[in-house]
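The values are calculated or read from the model by the stated rules, or taken from the named source; none is laboratory data. The shown structure was predicted, so the numbers you read here are calculated from the model rather than taken from an experiment. Glycine also receives a Cβ, built like all others from the backbone with ideal geometry; neighbour counts cover every protein chain displayed. SASA here: full protein model, heavy atoms, side chains in, ligands and nucleic acids out. Shrake-Rupley method; radii C 1.70, N 1.55, O 1.52, S 1.80 Å.
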Amino acid sequence: MNRAEAARLKLLAVFPRGTWDGLLDSAGGLDAEMSSIRARMEAALAEHEARMAPMRAYIAQLQEYEQLAGPVAAAGWLPHETTPFNLVRAHNDADTLNRAMEAYYSANWADVAAHFLRRLDTQCVDDEAKDLFRECLTAHGAKLYRMAALALFPEIERVVRIEIGWGAEQTSTSQIELRDVIGGLTPIEMQTPGWYGLHLAGKLDEHLYAKVRTPAQRRAAEQDPVPNRHAALHGYVTYASARSSFNMLVMADFVFAAVTAIKRFAPRMISKPIMQPSSGDADHNQA
């Protein structure tokens, strides 16, 4: 008897033939169970892929929008949910894109204004702010473009003072506190998609409240179609174009969204509410 035969006999002594048959049957059942598990996992993965496909398409679209926001800004317009990206793709030159976007917003202003109004309905600002914003939308539609910057900059200061309480002693015309807090809010909290929310936050922080004192600063403000508070309210720059009016509406909408987010998600940052001054009170705050 050779070694292999001897080993086989020893195994048969330990595990009788019936035991081997049972083990083989169990192994076959385990194989069937593993095949079932594998099939269920493959089905679950396929379902997951199907569910993720729209999300991947949405992310790809956002990435494209982020890339296209650069040419929009180069044309002098702030990127926005209403941005006509088909025009952005079709025009490589900033000047031609500017003219195309101005024509688009003029022809489609009713729909664009309706978009602003839907967002306005969701924002936690008072009726005075909403009424003024609606008036500015109407003025834009009537080609009264000067109104936006001259009306909305003081309204932003009033809203921040009344709704949040900052600047109770003296109005903070540079909105430093607001700009700092916005940096800590997420796009979801701001209800502003990240692909353009970051552009607006940057413009708010770097341009809207920059001081315009020197001749060089004034020239820079004149060349930027996004209104600057200091230049507008001190008469250094007249913002009378459709582009400047639209940009001011976008920035006011952004600030109202920020105030709403602070009230909803960062209430600890709100100071004690103060009374709104009546229309007859003198304004002793410095610009």
Original post:
Limited to region 138-167, what total is found for residues that are within 17 Å of K263 (Cα to Cα) and either at pLDDT 95 or above or small (G, A, S) (or both)?
Top reply: 2
**OP:** Could you tell me whether W109 is in contact with a Gly (Cβ under 6 Å, 6 or more places away or on another chain) and touching a residue at least 12 places away in the same chain (Cβ under 8 Å)?
**Re:** yes
Original post:
Based on what the data block shows, is L185 open to solvent by less than 30 Å² (accessible area, probe 1.4 Å), at pLDDT 90 or above and under 23 Å from the mean Cα position of the chain (by Cα)?
Top reply: no
Original post:
Among all residue pairs at least 6 apart or on different chains, which show Cβ distances below 8 Å where the first residue, located in region 194-222, is closer than 22 Å to A257 by Cβ and open to solvent by less than 60 Å² (accessible area, probe 1.4 Å) and the second is hydroxyl-bearing (S, T, Y) and part of a helix (DSSP H, G or I)?
Top reply: W195/Y65; Y196/Y65
Original post:
Do you know which residues across region 238-264 are of a type in the set (V, I, T) and touching a His at 6+ places or on another chain (Cβ under 9 Å)?
Top reply: V250
Original post:
If you take the residues of region 83-120 that are at pLDDT 95 or above and within 22 Å of A261 (Cβ to Cβ), which of them is surrounded by the fewest Cβ atoms within 10 Å (Cβ to Cβ)?
Top reply: R118
**OP:** Please specify each residue of region 72-82 satisfying the condition of being open to solvent by 20 Å² or more (accessible area, probe 1.4 Å) and more than 16 Å from G197 (Cα to Cα).
**Re:** A74
